[in-house]
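What follows is one structure encoded as structure tokens, with my remarks underneath.
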Amino acid sequence: MSTNSTIENINTPKNAQLTSILSHAVKAYVPGLIFCSGCTPHDSALAIVEGGIKEHTEQVIQNLTNVLESAGSSWQKVVKVNVYLTDMNDFGAMNEVYEKMLPSPKPARTCVQVVKLPGGADVEMECIAAI
């Protein structure tokens, strides 16, 4: 099966353009899934938005929303989310924003602490969604 006929790279102009190293998402036509790359709290100019973990989580979710919409999906179709935090003490504050911004039922989720994230970010999320 040809990769070109079954996979479409999705890149939204609303997010920072890093197409030389990743796609914002990959739409796989055979299983009907979209695999979104991790998003950090960077704006389209690659600057981390001001504020703390709550504001950063809001930006990450907005960045993933941009990607999902560009791929023809939405949070209502997300089946799995992976959350990466540089400090697990931020879990409660991140979770508060996550709970408010994502529709119910919530997707399956994993949250882990990592040593470091790109660009000095304190939170990163990636997701898998249905088309």
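Any read-out appearing in this document is the output of simple, stated calculations on the displayed coordinates, not a laboratory observation. What you see is a predicted model; the values in this text were computed from it and never measured. Please note: Cβ atoms are built from the backbone with ideal geometry, for glycine as well, and neighbour counts cover all protein chains shown.
Computed values, structure above
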read-out	value
Sparsely packed trypsin sites (Lys or Arg not before Pro) within region 31-131, loop by DSSP, other Cβ within 10 Å at most 10	K116
Residue-averaged 222 nm ellipticity for the chain, from DSSP H runs of 4+ at -39500 (n - 2.57), nearest 500	-7500 deg cm²/dmol
Sites matching GluC sites (Glu not before Pro) across region 24-101 that sit in DSSP coil, with at most 12 neighbouring C-beta atoms within 10 Å	E50
L117-Q17 pseudo-label distance in nm [points 7 Å out on the Cα-to-Cβ vector]	2.5 nm
Between 0 and 90°, nearest 10: helix 53-70 axis offset from the chain longest Cα axis	10 degrees
Residue-count net charge about Y84 - beta-carbon cut-off 15 Å; Lys, Arg +1, Asp, Glu -1	-2
M88-M101 pseudo-label distance in nm [points 7 Å out on the Cα-to-Cβ vector]	2.3 nm
Tilt relative to the chain, helix 91-101 - C-alpha long axis, 0 to 90 degrees, to 10	50 degrees
Gain on full stretching of the segment that runs from E55 to E69 - 0.36 nm per residue minus C-alpha separation	2.9 nm
Structure-derived Cα extents along the principal axes in Å: which label, when the choices are (i) 59, 33, 26; (ii) 45, 33, 24; (iii) 41, 35, 29	(ii)
